[in-house]
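Let me begin by presenting the structure, written as C-alpha cells, before commenting on it.
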Amino acid sequence: MSKLQPARGTRDIYGEEARNMAAVVETFQKVAATYGFEPFNIPIFEFTEVFKRPLGDASDIVSKEMYTFEDRGGEELTLRPEFTAGICRAFISEGLQQSLPCRLIAHGPAFRYERPQKGRYRQFHQIDAELLGQENPEADVDIIAMAWRILSELRLADKIVLELNTLGDQESRAAYRAALVTYFEGHKESLSEDSLRRLESNPLRILDSKDEGDKRIVAGAPLMSDCLNGASSAFFAKVKEGLDAIGIPYKHNERLVRGMDYYTHTAFEFVTTQLGAQGTVLAGGRYDGLIQKLGGPAVAGVGWAGGIERLAMLAETGKVPARAVVIMPMGEEAVLEAHKIAEDIRAAGIVVTADRSGNLKKRLNRANKNNASFAIIIGDDELSSGTATVKSLDDGEQTQVPFAELAAAVAGKK
RNA sequence: GUAAGAAUAACUCAGUUGGUUAGAGUAUUAGUUUGUGGAUUUAAGAGUCAUGGGUUCGAAUCCCAUUUUUUGCCCCA
C-alpha cells in the first residue's frame, strides 16, 4: 500500500456507472422472477476445496487466479472466483434434493487474480442463475431464454450474438478429447507454445487459440459433432429446436469451449464485439456431474453467469437520479418545522432533501444544479401563516401552499 | 504470468531541440450581511508534473527502477 488508492484491479464505483450496474441487477431480478427463480445468497468465500475440485487443478482459475488465504484458525479459504461451485456446495449442505427442481439466482462480487484491463477486474460483479435437477434439454432452453430476455430488456439484443455448442456427455467428450490429442500430436512441431501447454492441460482450448499458425491447424481438426454419441446429439438437437421454437437467434460455433472442466452438453456465450478482448458478456452451460464431484447426489445442473460491469458498459439504461424536492428552512424554528414537513412528503413517496446552509440565492443555485423539481421555502412569514412558499424550478412559478397540502402540491408535477 | 503504450489542477488535455514563475477549457469559490436559481461578465483558489533514483550548469521533457492504468496474449464474466 503505497498511496491512498484502491488495490490493483479494484475500484470505487459510483455515479452513472453505479446506477447502470444497479439497473442491470434490477432487470435481472425482475425477469428471473417471471421464470420462477428465487434469490439464493451464498458466502463470498468458501473452503478452497469447494472451488478446486470442480474447476480442476489444471484450470487457470485454480492454478493462478484464486485469492486463497489461511484464516486465523488455519483454514484454507478462497474468495469465490465464480458462483456455480458455491451454489452446488450449498445445495448439498442444505439438503435441497428434497425440493428439486431448484431455480436459483444470485449476484455480487467475485474475485480473480488477473491482469486488469477495461471490463476485467480483480474484483468484479456477476449476476448468476442456476437450474438444478432438470436433466432434460428443455431446461437449457429455459435458462438461455431467460438470459436472452434479460439482454433484450437491457436493449442489448442487437449488440450481442449467442454462440452455442455442445461438449457432449462424458463419453462423447472423452472421445473427442482423445481424437483431438491424436490430431494435435501429429502437428506438435508447428503448434504455438501456449497450445503445447494446452495439449497437456486442456486440449479443447486449442480450438480457441488466437495464434494464426494454430488457427490453420485447428481448421483441419476433427469436429465435436463427429464424436457425439446418439444421446448427446439428440440432446443438442432438442436444445436447438427449443431455441428455434421461441425465435432466439444463435450461431452454432463448433470451436466454442469453456474454461471450466465441469461443463457437459450445452455450452453457450453471449458475445459482443464492442468490448475488445472482453467480449463475453454472459456465458454458461450444463454441468451434470458437478454436484456429484463435490460429494453430493447425482443431480443435473445448468446455469450461467453474466458480468455486471460489462453489461452496464453496453447497456444504455438511461437511469438518472429521481428529481428531488428541496426544502429550505430559514432560521432555527423553520428547521424544526422543515423536518416534519419533509417526513410528511417522503411518506407520499416523493424524494425530499433539505438544504439548510447559505443564503437563499446559494441554495436555489445548488438545487438548480442538482436538477431539483421544486424548492419549498419556509421562513418566519410562512411559519406564522402555516403556508410554505413552493417554487417550481422549471418555470419559476411560485405559490403559497398550506403545510398539510404540500405533498399533493408537489406530487406528479415533474 | 507476458508484450507494447500511458501517467501534468477535481475532470479533459496543451507544454517547442532539455532553459527563468508549468498553461487552457470545464468545474469550484467569491463579487457582503442572514428571502429568490439558470445567461453573461470579473476575480480568486487549485499542480511535490505518479513515486524513488540517475544524467545535466539546468529535467514535466533524457535514462533506470517501482506503482497504477490502457491495448493485445494467456484466461475469462
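The numbers here are math on the coordinates, done by the rules we state, and not lab data. Just so it is clear, the structure is predicted and the values come from calculations on it, not from any experiment. With ideal geometry, Cβ positions are generated from the backbone for all residues, glycine too; neighbour counts draw on all protein chains shown.
Table for the structure above
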item: Peptide ranges A:66-77, A:12-23, A:383-394, A:156-167 listed from the most packed, as the mean C-beta count within 10 angstrom indicates; result: A:156-167, A:383-394, A:12-23, A:66-77
item: Convex hull of Cα atoms in chain A, direction-averaged projection (nm²); result: 27.2 nm²
item: Qualifying trypsin sites (Lys or Arg not before Pro) for region A:189-273 [loop in DSSP, other Cβ within 10 Å: at most 10]; result: A:K210
item: Contour excess over end-to-end distance, with Cα ends at A:A231 and A:N370 and 0.36 nm allotted per residue; result: 43.9 nm
item: Theoretical ellipticity at 222 nm over chain A - DSSP helices of four or more residues, -39500 (n - 2.57) apiece, nearest 500; result: -11500 deg cm²/dmol
item: Sorted largest first, extent of region A:1-147 alpha carbons per principal axis (Å); result: 52, 41, 27
item: Length gained when the stretch A:E185-A:S201 is fully extended (0.36 nm per residue, less Cα-Cα span); result: 4.4 nm
item: Beta bridges per DSSP with both ends in region A:325-410, % antiparallel, nearest 5; result: 55 percent
item: Too-long pairs where the Cα-Cα distance tops 21 Å, listed order kept, from A:K215/A:K238; A:K30/A:K293; A:K340/A:K361; A:K319/A:K362; A:K362/A:K391; result: A:K215/A:K238; A:K30/A:K293; A:K340/A:K361; A:K319/A:K362
item: Protection proxy ranking of A:184-194, A:226-236 - average other beta-carbon atoms within 10 Å, highest first; result: A:226-236, A:184-194
item: Ranked by how many other beta carbons lie within 10 Å on average, peptides A:309-315, A:175-181 from highest; result: A:309-315, A:175-181
item: Value of Rg/Rh across region A:325-410 [Cα atoms, Kirkwood radius]; result: 0.91
